[in-house]
Structure formats: structure tokens, C-alpha cells
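The values are calculated or read from the model by the stated rules, or taken from the named source; none is laboratory data. Predicted, not measured: the structure shown is a model, and the values here were computed from it. Glycine also receives a Cβ, built like all others from the backbone with ideal geometry; neighbour counts cover every protein chain displayed. Side chains included, ligands, DNA and RNA excluded: accessible areas come from the protein's heavy atoms. Shrake-Rupley method; radii C 1.70, N 1.55, O 1.52, S 1.80 Å.
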Amino acid sequence: MSITFHEKEQIFKLDTKNTTYAIGIVDEDKFLGHIYYGARLDDYRIGYLMRISENPFVPSENNRDRVSFLDSFAMEYPTHGLGDYRESCISIRTLNGNMGLSLSYVSHKITEGKTSFEGLPSSFGSREECSVLEILCEDKVTGLQAVLQYGVFDDVDVITRSVKVMNNGQEAVYLTKVYSACLDMDNQDFEAVSLHGSWARERQIQSVPVSHGKYSVESIRGESSHQDHPFMALKTKNGTQETGEVYAMHFVYSGNFKVQVQSDQFDQVRMVMGIHPEGFTWKLEKGEAFQAPEVVMVYSGEGLGKMSRTFHDFYRKHLIRSEYKDKKRPVLINNWEATYFEFDTEKLIAIAREASQLGIEMLVMDDGWFGSRCDDNRALGDWYVNEDKLKGGLKYLVDEVNKLGMKFGIWFEPEMISPDSDLYRSHPDWAIAIPGRKASLCRNQYVLDLTRKEVRDYAYECVAKILRSANIEYVKWDMNRQLSDLGSLELPADRMGELYHRYVLAVYEMQERLIQEFPHLLLENCSGGGARFDPGMLYYSPQIWCSDDTDAIERLKIQEGTALIYPLSAMGAHVSDCPNHTVGRVTPFETRGYVALAGTFGYELDVTKIPEEDRNMIPEQVAMYHKYNDLVREGDYYRIASYAENHYFDCYGVVSKDKKEALYTFVQVLNRPNCHSRRIKLQGLAPEKTYRIEGEDNTYTGELLMKAGINIQNPWGDFKGQLIHLVEE
Ligand code: DGJ
């Protein structure tokens with residue numbers, strides 16, 4: 001049993017293999033206080049950490065200073081309006097306009113095993129793997145109830161958090177903010193680590209000191225976004241990949257979010273995470289409930305590296321569902337950078353023919369195969385095959401590709417509508433827009449109001465009909481603009497604040513339908529590159545396109561940031577042509593292959609046109625993928641050197657769970673004069689084991705390789721990569 005309630009002390013203790021989380025109930029008001037999160041404790045008598053005896057401080061003994069208590073007590077789920085002036089987790093507005101709320105403990109339930117929340121992506125685990133604690137709290141005045149939900153994943157050291165709000169009162173209530181998790185702690189000279197970026201530069205790691213005031217990372221773009229990521233880790237100052245304490249939160253959600261850390265007057269910190277309150281109101285009728293999305297919490301006492309490996313294991317075991325999750329993905333070739341909109345059946349078959357001879361296993365037809373889509377100005381919504389381009393139809397093309405021994409995949413952007421489309425001409429009202437205001441275009445397109453069932457059904461059927469028409473085994477689901485002009489013709493005025501969240505729920509519903517109807521489909525999510533690379537989408541697709549930037553050197557940084565939280569098995573990564581279409585850089589074909597190896601692996605180029613020496617390298621690269629992918633997909637990830645930090649070279653490794661095999665990728669980005677070799681200390685090996693480096697006769701102990709390291713000869717030239725493969729002797 002990983003959750004225990006100590007009746008006498010009124011303490012909940014939640015244990016995973018290496019961590020403990022503790023909550024206490026205090027005072028006559030039965031406030032829920034956060035006591036502890038950190039390294040595993042055997043002793044549960046930790047109530048003294050709540051500081052309630054220091055004054056006497058609790059309202060029952062010192063009610064004249066109730067506000068002082070509320071404003072300093074480490075709250076488990078703080079409410080708005082009654083005297084806690086720090087960031088609250090929940091705020092409401094009653095029909096008469098009042099906003100105060102106070103939640104007191106009522107009862108609790110402990111169960112074994114966890115299922116996902118209905119309609120929302122969320123983690124799952126068997127009775128052996130996890131336990132669930134639900135604490136019911138109530139506000140006596142409004143009758144509003146909140147169930148604080150905790151999933152305790154013993155095997156992977158993760159605690160999930162969420163809250164379900166129920167209106168048990170007599171009249172409707174508006175929820176104006178519902179975060180999913182809060183963590184109140186003393187500041188330990190924390191640094192806040194987060195991921196920032198833009199289109200083609202997603203998930204760059206940033207670390208800033210936590211000082212007084214509030215620091216937040218957020219999106220109000222209707223998706224998790226290129227710009228910010230629903231993640232924050234607080235790490236103790238100067239903590240590294242291997243050292244220091246880390247407290248991390250990651251949001252299993254794909255829409256507007258906010259994660260914030262606040263340092264207060266007492267040097268306490270409060271970290272909160274949830275749906276962004278801006279533009280959000282949810283009307284809760286009497287008897288209705290609202291389920292907030294899930295937060296994944298990780299504590300590591302061994303730096304950021306351990307945190308990453310914990311998230312990776314958790315997502316691989318308890319979030320991703322696809323039948324591909326533990327399988328090699330077919331090596332694909334995508335025609336986007338190869339042809340953009342200029343393609344037809346003949347061209348695609350020519351690419352497939354050449355690709356199949358080189359060992360590539362799937363052709364993916366990207367944007368431009370439907371309606372009058374000859375550029376990105378038109379036709380989104382017109383999901384019927386353009387037979388001028390695809391002579392003989394889609395089935396003919398798919399069959400021809402299959403005859404070459406290759407699978408076939410296709411691109412969709414089902415959430416969108418172009419003003420120049422048959423769909424828009426017949427249903428202009430299907431686009432999200434504020435009545436009376438011309439909606440803003442982005443990539444010359446609008447977003448469909450998928451919160452309307454008829455629109456959602458139409459969009460789904462378009463995709464499903466195409467998939468039913470031929471042997472299509474992969475879908476790239478793209479989304480190329482962010483939401484604006486939030487207005488829906490169907491929602492009443494007092495529910496308009498629900499549109500953002502309802503939109504995300506609608507996307508989830510469509511993707512759930514898709515994977516239920518086509519259970520063998522390999523789904524890859526994408527959003528103008530990696531703007532919706534989040535755990536929410538991972539619940540539906542085992543892989544997500546990382547970025548439109550396929551330059552090997554830019555990818556080092558993007559993939560480092562992505563791998564900080566996500567397993568390599570989830571990262572869509574391709575070898576593309578040079579000069580690179582985004583940055584114009586020319587890198588060796590070989591290095592491009594090494595870098596793409598860290599992800600799902602594929603090609604994004606016209607294989608009939610690239611230089612012969614590059615083409616000749618493809619069979620070798622495909623063989624390399626087959627040789628290493630099991631290790632890359634399932635192993636433990638170690639970040640050894642960061643090009644983003646040192647500006648010269650990059651190095652990371654993947655070590656098998658049994659520590660019998662390891663693969664390290666080294667990329668010398670910029671050469672340096674008079675610097676002949678570089679000492680690299682490997683990580684993750686078993687010190688007592690003996691390893692042989694492939695291609696060498698000597699053997700080395702893990703201890704030697706980790707403590708003393710290996711010498712990597714400085715390659716001649718820039719952008720040179722190499723793989724170091726170790727196998728136990
Ligand atoms: C954005 C994606 O990230 C690209 O790979 C490509 O599919 C384009 N959209 C097509 O419009």
C-alpha cells in the first residue's frame with residue numbers, strides 16, 4: 001500500500017519507491033496543508049513541519065489573526081478571496097457576484113489502480129503499479145466540493161495531481177480559475193527551469209533564479225505552443241544533470257496553460273499549474289462537475305538527469321497507448337521538403353521506387369493532395385482527392401506504393417478551414433469568430449468551431465472516409481495556426497468562456513474516435529512543427545513532429561529540450577536535404593543521420609535528386625536505425641554535454657535498462673584550433689561491468705569510462721558526428 005492515512009496525526013503519506021509526499025489536516029476548520037515532498041521517508045511523524053504550533057497560529061486558537069494564518073500556511077489547494085494573498089488555485093463567482101471560497105476536508109478514499117479521466121488524456125496504471133487518493137473537500141457556504149486527486153506510481157516515482165470540482169449547492173456557480181496542482185515549499189535558492197521558443201526553434205532550455213514576485217510560463221494561444229511549454233522544474237541552485245534536488249510539474253493538456261512560481265515575504269515558494277484563467281469561465285450548474293486536466297509531478301534527488309529518465313519511463317509506461325509504443329516505427333520518407341505542393345502520382349511513385357530500394361519503409365504524402373490546394377492559401381476543409389494531381393485516385397497510388405513493399409501515410413489538417421474553400425463558401429459560420437468582427441487570418445486560414453457537434457462530425461468523417469478508402473497506415477495530424485477571435489455561434493453568452501477548453505476537448509474526442517476506429521494506425525501529431533508537442537497529444541499519438549527545423553545543428557538544441565521531458569521514442573526526427581530549408585546550413589549527410597537517430601527516424605527530401613554519395617549512405621543509415629532503435633526507444637537517456645550551453649559540441653547517451661549496451665552520440669559542432677581531443681566522461685554504465693567499444697579491441701570497466709572518460713579525437717571540420725557503441729564483454 002503506497003498511500004497511508006495516519007488517523008491520530010491526521011497525516012496522509014504517499015510513497016513511491018524513492019519519494020514521499022505528505023499532506024496534513026489541521027484545525028477545527030480542517031484545512032489541508034502541504035507538509036513534505038522529497039526523498040522517501042520511513043517515519044510518518046512529520047506534522048511538526050507545518051509550523052502550526054509556532055504562535056499559536058491556527059484560527060481556532062488565534063482567530064483575530066486568521067488572515068496571517070491563511071497567508072502563510074503551506075496550503076495543499078489554496079482558494080481565492082479570504083486572506084491567502086498568494087496565487088490561488090481556484091476562484092469562483094456566485095450568481096450574486098461573490099468570490100470567496102474556503103475548502104475543508106470532509107472525507108477521503110484510497111483505491112488501487114488508476115484509469116484515465118473520461119474525455120481527457122491522463123495516466124493509467126494497474127493495481128500493482130499505482131494507488132489513488134481522493135480527498136473530498138467542501139465549501140460550507142456555497143456547497144461547492146472539490147475532490148483532490150492523487151495518483152501514486154510506486155514503480156516510476158511519479159505522483160499525478162488533479163482536481164474535480166462539483167457543484168453540490170443550490171444554484172449555478174461560475175468557475176473563474178481551476179488549477180490542477182499546487183506545491184508550497186520553503187525556497188531553497190531555487191532556479192526555475194522551463195522551455196521556450198518560437199516556430200522552428202521550439203523547446204529551448206532556460207533557467208532563471210527564483211526571486212521575490214511571480215514568474216510564469218504560459219500560453220493563451222489555444223494550444224500548448226511553440227513559444228512556451230506546460231512544464232517547470234525548480235532545481236536547487238547550481239544543480240546539474242547529476243546533482244541537486246528537482247521538483248517538476250508537467251501538464252497533460254494541449255490548450256491554454258499557466259505554470260507559475262512565486263516567492264513570498266517568508267521566502268516560501270508556491271508553484272501552481274493548470275488551465276490558464278485568462279479567457280476561462282466555466283458555468284457549473286447545480287449537480288454538475290468539472291474535471292481539471294492532470295499534472296505529472298516528479299521529484300529527483302539526483303539532478304535533472306534523473307528527472308528526465310523518470311518522465312520518460314512514466315510516459316512510456318503510463319500515458320502512451322498506441323500499439324506502436326514499444327515497437328520500431330517504419331522508416332518513412334515524407335515529401336514535404338522534397339516537393340512542397342508540386343507533386344503528382346508519378347513523382348510520388350518515383351520517390352517511393354527509389355526509396356524502397358534503399359530500405360525506406362513508408363511513403364508519407366504531405367500537404368497538397370486535396371481540393372484545389374496548390375499552395376497554403378486555400379482548400380483546407382475540402383478533403384476530397386485532387387485527381388488532377390493524383391491521376392487514378394488515391395487507392396491507385398496507395399496500391400502502387402504497397403506493391404513496392406512500402407506502407408503509405410497521409411497528411412491532414414482537420415481542424416482548419418480556408419476562406420477560399422468550398423467548405424467555407426457553404427458554411428462560413430463554421431469558423432471560430434466573434435459575431436460582427438472580422439476574424440484574424442493566420443497562414444490564410446481560420447479554425448473550425450469543433451465544439452459544435454455537426455462541425456466535429458463533418459471534420460472527423462472527412463478523415464475517416466479517406467482512411468477507409470485505401471490501405472493507409474499512418475496519419476500526420478497537423479494544426480497550423482493558433483486560436484484567436486474566440487466566439488462560437490452555439491454557446492450562450494455565459495458559457496463563451498468555455499470555448500478554449502471545449503475546443504481542446506473536441507480535438508481529444510476526434511483523435512479518440514480515430515484511434516478507436518483505426519486501432520492499427522500510426523498517428524503522428526504535428527502543429528506547424530512542434531507547437532502541440534505535449535503529454536496531452538502523446539496520449540493519442542506515440543510520436544509528435546518535433547519542429548519544422550530539420551537542420552541537424554538546430555535540432556541538437558530542440559531535441560535536447562524535448563528530451564528533457566519526453567522519451568526519444570516520441571520525437572519525430574528526419575534527415576533532410578541541404579542547404580537546410582530553414583537556416584541554409586550545409587551539414588554532412590552522415591551527421592544528419594546521427595541526429596535523426598535520436599528520434600523516430602525518417603527522411604524529408606527528394607531521394608531522386610540528392611547527391612549520389614548521400615543517397616548511397618541511406619541503406620547504411622537505415623541499417624543503423626534498425627540496429628539501435630530498440631535501445632534508443634527503450635533505454636535510459638543521459639545528457640552529457642549541451643551544445644546550447646558550451647557552443648562547441650554536444651553529447652548524449654542511451655543505456656539499456658540492464659546496462660549491457662549503450663550508445664553515445666557526439667557531435668562536434670564547431671572545430672577549435674589546437675585542440676586535438678576531448679575527454680568525455682560517459683554516464684549511466686554499470687561501474688563493475690566491462691565494456692568493449694565497437695571497433696576497438698580494448699575493453700574498459702564502466703567505472704573507468706564514467707570516472708576517467710574516453711578521448712574523442714577532434715574531427716577535421718565542423719558539424720562532424722560520431723557514434724560510440726558499447727557492449728558488455
Ligand atoms: C507544418 C508541418 O510541420 C510540416 O511538416 C508540413 O506538414 C506543413 N505544415 C504542411 O503544410
query: Which of the peptides 222-231, 35-44 is most tightly packed, and how do the rest follow, judged by the mean count of other Cβ atoms within 10 Å per residue?
result: 222-231, 35-44
message: Quick check: pseudo-label points 7 Å beyond the Cα along Cα→Cβ at Ser372 and Glu645, how many nm apart are they?
response: 5.4 nm
task: Report the dimensions of the chain along its three principal axes from the alpha-carbon atoms, largest first, rounded to Å.
output: 83, 70, 44
- prompt: So if we plug the beta-carbon distance of Ser116 and Glu61 into 1/(1 + (r/R0)^6) with R0 = 41 Å, what FRET efficiency do we get, rounded to 0.05?
  reply: 0.40
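Just list whichever of Lys327/Lys395; Lys306/Lys681; Lys258/Lys283; Lys325/Lys453 have alpha carbons separated by over 22 Å in the model shown.
Among Lys327/Lys395; Lys306/Lys681; Lys258/Lys283; Lys325/Lys453, the Cα-Cα distance tops 22 Å for Lys327/Lys395; Lys325/Lys453.
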message: Per residue, how large is the accessible surface of the stretch 145-219? Use a 1.4 angstrom probe and give square angstrom.
response: 32 Å²
query: Which whole-Hz couplings ³J(HN,Hα) result when phi for each residue of the stretch 49-62 is put into the Karplus expression 6.51 cos²θ - 1.76 cosθ + 1.60, θ = phi - 60°, listed in order with x for Gly and Pro?
result: 5, 7, 6, 7, 9, 6, 10, x, 10, 5, x, 4, 10, 8
query: For the stretch 3-318, what's the relative contact order in percent, using C-alpha pairs closer than 8 Å and at least 6 residues apart?
result: 16 percent
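For the stretch 1-137: lysine pairs with Cα atoms under 19 Å, gap of 8 or more or different chains, count?
Taking the Cα cut-off of 19 Å, the pair count is 7.
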task: Kindly provide the helix-only [θ] at 222 nm of the chain, computed as the sum of -39,500 (n - 2.57) over DSSP H runs of four or more divided by all residues, to the nearest 500 deg cm²/dmol?
output: -6000 deg cm²/dmol
- request: Using a 1.4 Å probe and ignoring any ligands, DNA or RNA, find the accessible area of Cys442 and quote it in Å² to the nearest 10.
  value: 60 Å²
